[in-house]
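A quick write-up on the structure given underneath.
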Amino acid sequence: MKYIVLLGDGMADEPLEELSGRTPLEHANTPNMDALAQKGEIGLMETVPQGFHPGSDVANLSVFGYDPATCYSGRSPLEAASMGVELGPEDVAFRLNLVTLLPHYGKLYMEDFSAGHITTAEARELIASLQEELGGDEFHFYPGVSYRHLMVWKGGKDKLTFTPPHDLTHQSIEDHLPRGEGAEILINLMTSSQMLFKGHPVNDRRMDADLAPANSIWLWGHGRAPRMETMKEKFGVNGAVISAVDLIKGIGVCAGLDIIDVPGATGYLDTNYRGKAEAALEALKTRDFVYLHVEAPDEAAHSGNLQDKIAAIEAFDELVVGTVLAGLPALGDHRVLVLPDHPTPVRKMTHTLDPVPYILFGSAGEFPPVGKVAGYSEKAAHSTGLHLREGHAMMRRLLG
Ligand SMILES: O=C(O)[C@@H](CO)OP(=O)(O)O
C-alpha cells in the first residue's frame, strides 16, 4: 500500500463577489480534484487547535499527524532542522524575514513581508552582511530560501511575543514590534539591519531594476528545539517530504523522513509543479509514504492576487494531482489525502482559523463517498456534514 498527501498551502478561501459568490477553489478549473472528490470522502478538518495562531507550522504538524499541543515549540526551530542548524538547550531560534518597510509621515509601514520575493542568491548576500556586521558569540544568521531565513540567539530569551509580518501588510509596524523580556535587544538588531541595508549593493541593484528593496529584517516565529517521535515510531511507516520551504522540510527531518529536493522547486508561483509530482511517484517506488507540499497558492493569496491564486490552484490540480493520480495505479493499492493546510483568503491577505476541505481516497474503496458532490470545494466539503475537529487524527485514518 502507498500513501500520499498532496497539500496546496493556503488553497482554501472565502466566497468572492468578483467570482459571483464562488471561492477561488470553486471557480478554478480543477477536474482532477473534482473527480477525486466524487470518488472518495470529502469533509472539513480543523488543522489549527484552539489557542494556536493559524500558521503553516501548526497546521502542517496536524496534517502530518502530530498534535501541536504536545510537540509544537515554535516555527523557526522546525526550519532550523531543515537547514541543518543544531539548537543547543539554551538556544532560541527566530524566523528572520527580509522585508520592505515604507516610511510614511514619520511612521514605518509593512510594505512587503517578502521584500518583493527577493531571490535566494540576493538574500544570501544580505544575510552574509548581517553575519559579518552583527553576528558573533550571541547572534548567528543563517541563509534560507528567498525571504525566509534564520537567526539563532545563543542563551537567548523566549518569553517574547511577535507578529508575523504577513499579518501586517500595509499596516504601521509601531504597535507590532517584539514585546517581552529582551525585546529591546531584538528591536536594536532590526534597526541595525536597516542601517546596514541602506545603500547595500544588493538593494542598489534592486532599486535600479525597480524591485522592492530588502530594507529591514523582521523577527518572529521563535522557539527552542522540538521533541517529536518519528513517523516510523508513531505510525510504522517510512517516507519522504517534497517541498521548497524549510518549514515543511524541517517537519520532515524531525519526523525522521527523507527530504527530496526537486530542481526548480521555488516556493513561489513559478515552482516546478510537475517535477515535484514525478519525484513523489519515484519516491513511492521505495517508500510507504510521501508528503508533497506546494507553497504557491498561499504566496499568491498573501499578495492579494486573485488571478495568481486561481492559476496556482489550477496548476496544482493539473500538474501535481493529475500527474500523481495518473502514476499511482502502477504502484498498486494506494491512498491519497488532498487538502490545504489552512485558508489564506485573498482579500484578507493572511491565514484564518477556518477548517479546511479535504479529500480522502482509497483505491480499494476504503473511504466511500458520503452524499453526492459536484466537485472539490469548501461548500461541497461542508455539505457532507463530515467535520474532523482534531485534524491531527486524519493521518491515522490515512495510514490506518
Ligand atoms: O513562509 C512564510 O513566511 C509564510 C508566509 O508566506 O508561509 P506560510 O504561510 O506557508 O507559513
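What follows draws every value from the coordinates through simple rules; no lab data is involved. Computed from a prediction, not measured in an experiment: that's the story for all the values here. All Cβ positions, even for glycine, are placed from backbone atoms using ideal geometry, and neighbour counts span all protein chains on display.
Using a Gaussian network model of the chain in which every pair of alpha carbons under 10 angstrom is joined by a spring, one finds that among Asn215, Asn60, Asn203 the greatest mean-square fluctuation is at Asn203. Using just its DSSP H runs of length 4 or more, each adding -39500 (n - 2.57), the chain gives a mean residue ellipticity at 222 nm of -9000 deg cm²/dmol after division by all residues.
Taking Gly65, Gly275, Gly250 as the candidate residues, the one with maximal mean-square fluctuation in a Gaussian network model of the chain, Cα springs under 10 Å, is Gly275. The residues neighbouring Thr323, those whose beta-carbon lies less than 14 Å from its own, together hold a net charge of -3 under the Lys/Arg +1, Asp/Glu -1 convention. Think of each Lys and Arg Cβ as +1 and each Asp and Glu Cβ as -1; about the Cα centre, that makes the dipole of the chain roughly 840 debye.
Cross-link check: pairs Lys234/Lys285; Lys2/Lys234; Lys107/Lys198; Lys249/Lys276; Lys2/Lys232; Lys39/Lys309 evaluated at a Cα-Cα cut-off of 19 Å; pairs beyond the cut-off: Lys234/Lys285; Lys39/Lys309. In the chain the longest region clear of trypsin sites (Lys or Arg not before Pro) that are loop-assigned by DSSP and have at most 12 other C-beta atoms within 10 Å covers 1-158.
If you run the Gaussian network model on the chain, springs between alpha carbon atoms under 10 Å, then out of Asp57, Asp258, Asp341 the most flexible one is Asp258. Arranged from fewest to most other beta-carbon atoms within 10 Å of their beta carbon, Met231, Met349 become Met349, Met231. Here segment 293-366 and segment 124-176 have alpha carbon centers that stand 30 Å from each other. Ranking Leu36, Ala121, Tyr142 by how far each Cα lies toward the positive end of the dipole of the chain (charges on Cβ) leaves Leu36 at the top. Stokes-Einstein diffusion of segment 92-223 at 10 °C, 1.306 mPa s viscosity, Kirkwood radius from Cα pairs, rounded to a whole number: 109 µm²/s.
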